[in-house]
Amino acid sequence: MNISAAKIKEKEPVAITVTFTHDMICLVLEDGREVRTPLEFYPRLAKASKKALKHFRLLGGGTGIHWVDLDEDLSVDSIVCGRRANR
């Protein structure tokens, strides 16, 4: 008898906390992981004021982040994987 392996669908990472250092974006994920990615990966964020960085909202239950003042949207998955912005 053939037994096929069940496909396990990975759950998309969900951010519960977003903070910043002078050069990093720092996420705490709902699974307990903490991820830090250089702001230089995201030019709009790297050039933004501290005030503008803090003016964000989580989208999709924490799967994305939107900065109103910067007109910037990033997926949490992109940040976790260290994908740079295409600019």
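The values are calculated or read from the model by the stated rules, or taken from the named source; none is laboratory data. Here the structure is a predicted model, which means the values were calculated and not measured. Heads up: the accessible areas ignore ligands, DNA and RNA and are worked out on the full protein's heavy atoms, side chains in. Shrake-Rupley method; radii C 1.70, N 1.55, O 1.52, S 1.80 Å.
I'd like to check one number: the per residue accessible area of the chain, probe 1.4 Å, reported in Å² as a whole number.
For the chain, the solvent-accessible area averages 71 Å² per residue.
Scale the Cα Rg of the chain by the rule-of-thumb value 2.2 N^0.38 Å and send over the ratio, two decimals.
Rg over 2.2 N^0.38 Å, computed on Cα atoms: 1.28.
In the chain, what percent of the accessible surface is made up of carbon and sulfur (1.4 Å probe, ligands and nucleic acids excluded)?
Roughly 51 percent of what the probe reaches on the chain is carbon or sulfur.
Probe 1.4 Å, all protein chains in place: accessible area of Arg44 in Å², nearest 10?
Surface accessible to solvent at Arg44 totals approximately 90 Å².
Please tell me the relative contact order of the chain in percent, rounded to the nearest whole number, where contacts are Cα pairs under 8 Å and at least six residues apart.
Relative contact order for the chain comes out at 24 percent.
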